[in-house]
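What follows is a short report on a single structure.
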Amino acid sequence: MKLYTYWRSSAAMRVRVALNIKGLTCDHVPVHLVRGGGEHHGPAHAARNPQHLVPVLELDDGRPLIQSLAIIEYLEETHPQPPLLPADAVGRARVRAIAQAIACEIHPLQNTRVLRHLTGSLGLDEEARGAWYRHWVEVGLRTVEQLLAGSSETGRFCHGDAPTLADCYLVPQLYNARRFACDLTGLDTMLRVDAACQALPAFAAAAPEHQADAE
């Protein structure tokens, strides 16, 4: 398998974490999202993913899988141990809801192409762009904090005492939040879970600064 990735992409980091938890290896192929206007806009990557996004997981037969949630669910179905989803249907729904609260409600609003549109087409300056970013990320993270703090199913990790799909999403989003100086005050449960994840080799090895293409 090949993983088309970018060191700072939080979506790619999710998949890197999942691969590490599953003990799966694959070739990492960097796709630079900035250099030359972004290599993801080139014809080679567009052929892999018409959305011009990373990550892309290319299977051994050459078929590409796109979208981090779909990729991780594929890994879960084809390599079920150790599991990233609980055994019960209600637990699986909760874990997916936490992951989607990040993937669908936070991440799209702070995606690189959105931020570029704000400063390019709409003419916002860097200060205004940063305020936009921090507002929506902080609103979203406070919601996720409520999901975690208000549930007895939250354990050492987002759901119970083993990392799940939800943790694969939480840690990259917090990395981004810190990078852009978001206010994390009051996110006590989330930060505790993040610290537990960071102590695991699977998460540490997936961190942006440990990638071969890190700058």
Asn111-Ala70 pseudo-label distance in nm [points 7 Å out on the Cα-to-Cβ vector]: 1.3 nm
Restricting things to alpha carbons, find the Rg to Rh ratio for the range 7-74 using the Kirkwood radius for Rh. 0.95
State log₁₀ I(q)/I(0) for the range 23-149 at q = 0.14, 0.17 Å⁻¹ as given by the Debye formula over alpha-carbon point scatterers of equal weight, solvent excluded. -0.85, -1.11
Label points 7 Å out from Cα along the Cβ direction at Ala162 and Gln198: separation in nm? 2.5 nm
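Work out, in µm²/s and without decimals, the Stokes-Einstein translational diffusion coefficient of the chain at 10 °C, 1.306 mPa s, Rh from Kirkwood over C-alpha pairs. Walk me through the numbers on the way to the answer.
On the way: Rh = 17.7 Å.
For these conditions, the coefficient is 90 µm²/s.
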With label points set 7 Å from each Cα along the Cα-to-Cβ direction at Ser152 and Asp60, the distance between them in nm comes to 4.5 nm
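Using the beta-carbon distance between Ala46 and His135 and R0 = 30 Å, what value does 1/(1 + (r/R0)^6) give for FRET efficiency, to the nearest 0.05? Spell out each step's value before the answer.
Numbers: r = 32 Å, r/R0 = 1.07.
The computed FRET efficiency comes out at 0.40.
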What percent do you get for the relative contact order of the chain when only Cα pairs under 8 Å and 6+ apart count? 26 percent
Reduced to Cα centres, the span from the range 68-101 to the range 174-209 in Å works out to 20 Å
If all Cα-Cα distances of the range 138-215 are sorted into 5 Å bins from 0 onward, what percent lands in each bin, rounded to whole numbers? 3, 15, 28, 25, 17, 9, 3, 1, 0
For the range 76-152, the Cα-Cα pair-distance distribution in 10 Å bins from 0, as whole percents, is 16, 35, 25, 16, 7
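Over the range 48-99, what percent of the accessible surface lies on carbon and sulfur atoms, probe 1.4 Å? Could the numbers behind the result be given before it?
Working: 1530 of 2610 Å².
Within the range 48-99, the accessible surface is 59 percent carbon and sulfur.
The values are calculated or read from the model by the stated rules, or taken from the named source; none is laboratory data. Because the structure is a prediction, the values reported are computed rather than measured. So basically every Cβ, Gly included, is an ideal-geometry build from the backbone, and we count neighbours across all protein chains shown. Please note that ligands, DNA and RNA were not included when accessible areas were found on the heavy atoms of the full protein model with its side chains. Shrake-Rupley method; radii C 1.70, N 1.55, O 1.52, S 1.80 Å.
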